[in-house]
1. Scan region 252-281 residue by residue and report those that are of a type in the set (Gly, Ala, Ser), surrounded by 15 or more Cβ atoms within 10 Å (Cβ to Cβ) and assigned to a helix (DSSP H, G or I).
2. Output the residues belonging to region 190-211 that are open to solvent by 20 Å² or more (accessible area, probe 1.4 Å), within 11 Å of Met73 (Cα to Cα) and modelled with pLDDT of 95 or more.
3. Somewhere in region 58-71, is a residue within 21 Å of Leu252 (Cβ to Cβ) and either surrounded by 16 or more Cβ atoms within 10 Å (Cβ to Cβ) or aromatic (Phe, Trp, Tyr) (or both)?
4. Quick one: what pairs do we get from region 325-350, first residue closer than 19 Å to Asp6 by Cβ and touching a residue at least 24 places away in the same chain (Cβ under 8 Å), second in a helix (DSSP H, G or I) and open to solvent by 20 Å² or more (accessible area, probe 1.4 Å), C-beta under 7 Å, 6+ apart or different chains?
5. Arg35 is checked against (1) modelled with pLDDT under 95; (2) open to solvent by 20 Å² or more (accessible area, probe 1.4 Å); (3) not β-branched (Val, Ile, Thr) and fails just one. What number does that condition carry?
6. Does Ser213 qualify as being within 30 Å of Arg244 (Cβ to Cβ) and touching a Ser or Thr at 6+ places or on another chain (Cβ under 8 Å)?
7. For the structure I just gave you, tell me whether Lys324 is at pLDDT 95 or above, under 23 Å from the mean Cα position of the chain (by Cα) and either surrounded by fewer than 22 Cβ atoms within 10 Å (Cβ to Cβ) or not in a helix (DSSP H, G or I) (or both).
Amino acid sequence: MNYQTDVCIIGAGPGGALLAYLLAKQNISTILIERSDKLGKEFRGEHLNEDGEMILKKHHIFEEIESLGLLRMSRVEYWKDGHVFKTIESELGHAGIHVPQQHLLQSINRQASIYPSYKLMLGTKVTELMQNEKGQYTGIKAQQKGRGEIIVESKIIIGADGRYSTVRKLSHIKNNIHNPGYDLLWAKIPAPANWEPSIKFALVKQQQVALFSQAKGFVQIGWNIEKGSYPALRKQSFRPFIQRLIEAFPSLNLSLERFIKSWSDFTLLSVQSSISEVWSKHHLLLLGDAAHTMTPTGAFGLNESLKDADLLSDLLHQVFYQNKEISETLRQFELKRKPKLITLERIQFQREKEFSSHFISS
């Protein structure tokens with residue numbers, strides 16, 4: 001099967017999905033390709049900050065997500081020796097919003113599907129990028145489950161396919177990876193009774209532990225461990241490790257005893273940050289994690305992807321309705337966004353370096 005479109009977006013995560021919707025809304029034909037068979041697989045970076053909230057409200061998506069279910073966290077707490085040591089209240093009335101990715105993508109896709117210029121292809125794996133004699137990228141080849149090879153001819157290709165981006169690899173764009181020195185163990189447990197939605201931090205054996213309240217009555221645990229230490233850690237007794245978490249947050253005792261019984265109840269995330277050497281190349285552009293993978297610190301990742309999509313949709317309007325040159329417009333996006341992400345990466349590094357200072361009496 002052969003398809004033709006103005007823009008082909010690879011990756012139906014928040015950034016790619018939002019961009020597809022905003023382009024289709026402008027009657028710019030858009031094909032959104034997703035490797036998975038369904039939208040909204042569980043994602044750990046589901047924290048919405050003020051910037052992300054503003055963008056979703058700007059495009060009238062937030063209200064539908066709220067009707068499906070989200071959770072505002074009341075404040076940030078720093079815990080020491082099993083008690084609250086310091087509290088930070090937000091002037092916004094909340095310290096962040098947990099938005100289940102399934103709700104976010106469901107809302108975006110439903111609104112995008114109204115427009116005939118939008119097409120979503122699930123279960124589709126990109127295998128090749130096509131180029132013309134000038135070296136410009138002109139489309140993709142992909143394998144679609146149950147249909148075999150398809151070809152999508154496109155004026156612009158957007159790689160929004162995450163930290164391990166296939167588009168980035170196929171376009172031979174160098175990715176500059178920075179190692180922050182830690183990995184992360186994730187787990188999700190039911191929230192204890194009377195749990196007030198909040199973000200809680202503790203310092204356990206000089207490692208950061210974070211608790212994020214989630215919609216539908218859950219708590220997400222994020223526990224920093226030394227980079228590459230997990231194989232050796234798994235060989236040790238599990239009980240002393242989980243006991244330290246109980247001592248840091250005593251109210252989790254019953255939930256931890258019931259739902260965290262072995263190392264297998266944690267998921268390991270290899271933490272890295274990276275900023276690709278270039279973001280645009282011959283009518284191709286990287287977006288979100290494909291261009292700038294962030295560490296979990298500050299929970300910026302989701303929000304920066306939404307900001308990418310918001311800006312890029314405006315710039316691509318100029319391409320298709322004001323005859324702006326494609327390569328220069330994509331380069332303009334990179335010039336606007338890249339310095340901000342470089343600065344944000346430095347802010348993350350500084351926050352990680354200074355984390356322990358929150359537990360020192362003033």
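The values are calculated or read from the model by the stated rules, or taken from the named source; none is laboratory data. Values in this document were obtained by computation on a predicted structure and should not be read as measured data. Cβ coordinates were reconstructed from backbone atoms using ideal geometry, including for glycine residues, and neighbour counts include every protein chain displayed. Side chains included, ligands, DNA and RNA excluded: accessible areas come from the protein's heavy atoms. Shrake-Rupley method; radii C 1.70, N 1.55, O 1.52, S 1.80 Å.
1. Listed by number, the list holds a single entry, Ser255.
2. none
3. For region 58-71, residues within 21 Å of Leu252 (Cβ to Cβ) and either surrounded by 16 or more Cβ atoms within 10 Å (Cβ to Cβ) or aromatic (Phe, Trp, Tyr) (or both): present.
4. Pairs found: Phe333/Leu311.
5. Condition not satisfied by Arg35: (1).
6. Taking the combined requirement at face value, the residue satisfies it.
7. On the way: at pLDDT 95 or above: yes; under 23 Å from the mean Cα position of the chain (by Cα): no; either surrounded by fewer than 22 Cβ atoms within 10 Å (Cβ to Cβ) or not in a helix (DSSP H, G or I) (or both): yes.
Against the criterion (at pLDDT 95 or above, under 23 Å from the mean Cα position of the chain (by Cα) and either surrounded by fewer than 22 Cβ atoms within 10 Å (Cβ to Cβ) or not in a helix (DSSP H, G or I) (or both)), Lys324 does not qualify.
So that you can scan it fast, the table gives a plain yes or no per residue for (1) assigned to a strand (DSSP E or B); (2) at negative phi; (3) modelled with pLDDT under 95; (4) of a type in the set (A, V, I, L, M, F, W, C):
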site	(1), (2), (3), (4)
Thr138	yes, yes, no, no
Lys141	yes, yes, no, no
Glu149	yes, yes, no, no
Val152	yes, yes, no, yes
Lys155	yes, yes, no, no
Ile158	yes, yes, no, yes
Arg163	no, yes, yes, no
Lys169	no, yes, no, no
Ile177	yes, yes, yes, yes
